[in-house]
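Notes to accompany the following structure.
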């Protein structure tokens, strides 16, 4: 299965001539067959005017290129009256609203997938709608549930909600709230553990390096202070006596 957007802009190669005919410009849908009817070739490619390749003339669609047998498989739309009628209908799938036969809106088609072997539409990706249950938003719908592909809406069977394949993206507010609460609890638990380990680390540091800054400063003993002062004064008196005995030097007053 290949998404339609992957096919767009793929180069088309003719096997006989080994030449690039052009690029896929658009996909022509047959709404009654629920399949791809043809590929529109970009006029900027090999041909200078718009050409159409009926899907039954495609040899293969790969990841990188589309192949056809010869370059003349691409023709003018006027030479293909059935395809021309489909072009006039301008049936588009992407961007079309999907409703059930019971009148419920499921959403908008975001993408559709193609079975490259036969061109049949295999499934639709729906987004932007509200689907009953815990989920809302994006889901995959099998083509077997499609009743009508119209120009305005795609109608599906009324009980197809039970068979929708829901994507994890699009969880509703209740589930989001549950996830958010669990995340907050995990965050608080992590913070508590961090505080616990930090507290233990600080306690170990205090034991290894005791802090003396909180101890009171002991006053200097009065006896020690008096002794130091007396010694200093005695030293000053002895120095003054020595200088007086020497007297002034010659030539100096």
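The values are calculated or read from the model by the stated rules, or taken from the named source; none is laboratory data. Since this is a predicted model, take the numbers as computed values, not measurements. We place every Cβ from the backbone using ideal geometry, glycine too, and count neighbours over all the protein chains shown.
List of remarks:
- Scanning region 159-182 for any residue that is under 23 Å from residue 103 (Cα atoms), more than 31 Å from the chain's Cα centre (by Cα), surrounded by 11 or more Cβ atoms within 10 Å (Cβ to Cβ) and at pLDDT below 90 turns up at least one such residue.
- Strands (runs of 3 or more DSSP E) wholly inside region 11-58 containing at least 3 residues that are under 21 Å from residue 91 (Cα atoms) and modelled with pLDDT of 90 or more: 19-30, 35-41, 51-54
- Leading residue by the ranking (nearest to residue 154 (Cα to Cα)) among those in region 72-98 that are in a helix (DSSP H, G or I) and in contact with a helix residue (DSSP H, G or I) (Cβ under 9 Å, 6 or more places away or on another chain): 87
- The listed residue being modelled with pLDDT of 90 or more and more than 31 Å from the chain's Cα centre (by Cα), out of 77, 143, 101: 101
- Test: residue 50 is under 22 Å from residue 81 (Cα atoms) and over 29 Å from the mean Cα position of the chain (by Cα): yes
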